Structures are given as C-alpha cells and as structure tokens.
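Participant: Supplied in structure tokens, the structure appears directly below.
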Amino acid sequence: MPQALSFNREHIRPGDRISVAISGGADSVALLLALHEANAAPRDSLGIGLSAIHIHHGIRDATESDADLAFVQDLCLQHDIPLHLHRADVPARAAQNRETIEEAARETRYAYFRSLIASGHVDSVLTAHTLDDQAETVLMKILRGAWTEGLSAIHPVVTVTTQAASSQQPARTGKILRPMLSTTRAQVESFLKARNQRWRTDSTNADTAYTRNRIRHELMPQLRTFNPSIDQTLANLAELARDEELRWQTELSRVLPQVLLPGKPVRGGGRAVATAPGSSGVAIEIERLRSLDPALRRRVLRAAARQLGFRLSFDETSRLLSLAGFGNLPTVSARPGALLHLAKGLRAQRTAREIQLSRE
C-alpha cells in the first residue's frame, strides 16, 4: 500500500458521522480517500460513518459541472460511500444579495453544511483546505486590511450550533473541520498519483479575474523567490493570530462588563434602555477608556460596535478614537455634542462623559 496521507485526527471520534465536502478536485478527492483508507484499516480504524457532500453551484458551463458531478458519483459508488447532493443557483444568489460569486458560493456551501448538521445526518463536515490555501487566504486578508482575527484565516475547527429542524427536534451542535491545513498541495498530488487516482480540474481555477487565483498564480510565485518557505511562514502567522485573538477575547470578556453601559443616562440617575427592535444602543465612559492602553481601547470600541451588529474598519475606529479625544484627526471634533455617521447606519455621539453608539 502506498504511503498514507497525513491529516489531523484530533477532533474525529469513533461513531461520528463524518461527511467530506468533495468538488472532484485533487484536495477533496485525496481527503475522502485518506479517510476511507483510515476507516477500513484493520488496526486503529477511525470507526466513523463516512459520507460525501457535493454541491452543484450552477456557476460554470453545465457540461463541465455535470462531468464533475458524474466523477464524484462514480468515485463514491466505487468505494461504497453515501453521497449528499445539493444543486444551487449561485449566480442568482449573488445578484440578489449583491455578493461576489465567491462569497455567494461559500455561503451556499456552508448553509447546506449547517442543514445537514441540523437534520442529524452529519456530526462534522470536513473541508479539504491545505497549507497552500491557508497561505493564500492570509495574503487575501492582508491585502484587504484585515484585523488580527482576519489574519487567523482558515480555522482548523469551527463549532456550528444550528436551529432545530422542527419543534419536535432539539437544536444540534456540529463542527466544520479542516484536517489538512498542514498538508501541501504537492503532497496531495503525490498521494493520488501513487494510487493512479484521477481528479477533476476546475477551469475557473485558472481565471485570474478571481482574487484568489491571481494570488495563487501571480503573487505567490513571486513571493517564493524572496522566501521559498513563504507558504509555511504565512500559515504560522495564521496560527499566531488565532492564539493572539483567543487571548484578547478572554481579556475582553473580563473588561467589557466594566466599561460598556446600556442605553442613555436619564435625569435622577440610571439609564434608559429602549426595547423596540433596532433601537438598541451602548455607551462607553471616556474616563474608563482613558485608563486602558491603546490596543485594548481600540478593541473595546470595536466590541461595542459589534454588539450592535456593526464591524468597524481601521479608519472608522480611528474616527471613534478621535471623537473620544484619543486621536488628532482634523475632521473629527471631540467636543460634547459632536456626531459621527459611520458605515451602514452606525451613529456615534460625544457627550461630556461618554461615547454613545446607536443605530441611525
């Protein structure tokens, strides 16, 4: 038997119902076969219920997409692996929700994964993201101006809590697992070639109209001339960012109850908290902000906005800091009564003692 493909087994337990998301490409074919081999091993078998998931996105030429589906169906039949099939119209969703094709495709996939978990068909869904994918994702995040949580890129484990499929069924918790984040694309192809196993090549992978493809085919080769180990270096950065973010979330959970105030102050003491949908607000006392170091101060403001459903950019956070008197932006006043109208309807007002955030 050719050498097995290494993958992370930490979150795979005997008896789990595991489903591999398979497109027909090399990475997902390799992951499915690696799990199938490990499950059939006479010693140290995984002992799982293995299935596969294929999503027909409706993006490419129907002939190519149908050929991918036929390939996946044949592969699953050959190895007696049950297949969950979902057909979607991703271009229609993208147009309706004003998403990019990439965003719409991803949301479609993960919505279907959640539905399988909610229905009890699956405990965990495994995706075949590799070390190469992780490196490319970190670069995408850097180019788009991500914060630390963004630089954590593809997480090895994502816990999913779903709503009950019906009133008679309880809510279910499952996982999205990425067990090949330490495996390179070259190792994947070597694994498949050793088994004479074919795979499908998505024609859109060569289309540099997509940001990821430009990074993969143009930027990464250039960066490897500066650092041949750039893929591992970027993957290491993602791991550091995940650990840093976990540490910060622990600190924020301690600090936020001490600095965030609900609603607005009223005469005679106390605070008025609106109960109408969409009218929620939160405030931060400026003196309490003053006692924090700059890194924690910035995170507190972003966490306050997140409680109202908003994600602040770097520039918006800088404007909020100036409104509170901790910046020197000439376009932002720190006087009581000053207002900021931020993206997507977030309103910030400066009073003598507070920064108050609310929906427009």
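Every number here is computed from the coordinates shown, using simple stated rules; none is lab data. This one's a predicted model, so the numbers in the text were calculated from it and none came from an experiment. Quick reminder, even Gly has a Cβ in these numbers, built from the backbone with ideal geometry, and neighbours come from all protein chains shown.
Participant: Apply the Karplus curve 6.51 cos²θ - 1.76 cosθ + 1.60, θ = phi - 60°, to the phi angles in segment 327-339 and return the couplings in whole Hz, x for Gly and Pro.
Facilitator: After applying 6.51 cos²θ - 1.76 cosθ + 1.60, I find x, 10, 6, x, 8, 10, 8, 9, 7, x, x, 5, 10 Hz.
Participant: So how strong a dipole does segment 104-245 carry about its Cα centre when Lys and Arg Cβ are +1 and Asp and Glu Cβ are -1, to the nearest 20 debye?
Facilitator: Computed about the Cα centre, the dipole is about 480 debye.
Participant: Check the straight Cα-Cα distances from residue 344 and name the aspartates and glutamates below 15 Å, setting aside those fewer than 8 residues away within the same chain.
Facilitator: Within reach: 315, 316, 360.
Participant: Equivalent-ellipsoid semi-axes (√(5λ), Cα gyration tensor) for segment 17-245, whole Å, largest first?
Facilitator: 27, 22, 21
Participant: As an exercise, use a Förster radius of 45 Å and the Cβ-Cβ distance of residue 313 and residue 43 to find the FRET efficiency, rounded to the nearest 0.05.
Facilitator: Given R0 = 45 Å and the Cβ-Cβ separation, E is 0.25.
Participant: Give me the aspartates and glutamates in straight-line cross-link reach of residue 193: C-alpha distance below 20 Å, same-chain residues under 8 apart excluded.
Facilitator: Within reach: 27, 37, 68, 74, 132, 202.
Participant: Among 233, 14, 256, which residue has its Cα furthest toward the positive end of the charge dipole of the chain, with +1 on Lys/Arg Cβ and -1 on Asp/Glu Cβ?
Facilitator: 256
Participant: I need the helices of the chain that pass two filters: whole DSSP H segments spanning 15 Å or more by Cα along the axis, and mean Kyte-Doolittle score no lower than 0.5.
Facilitator: Counting only whole DSSP H runs, the qualifying helices are 26-40.
Participant: Which distance in nm do the two modelled labels at residue 195 and residue 236 give, with both placed 7 Å along the Cα-to-Cβ direction?
Facilitator: Once both label points are built, they end up 3.2 nm from each other.
Participant: Kindly work out what percent of the DSSP beta bridges joining two residues of the chain are antiparallel, to the nearest 5.
Facilitator: 60
Participant: Shifting gears a bit: Taking the Cα centre of the chain as the origin, how large is its charge dipole in debye, to the nearest 20, when only Lys and Arg (+1) and Asp and Glu (-1) carry charge on their Cβ atoms?
Facilitator: It comes to approximately 1700 debye.
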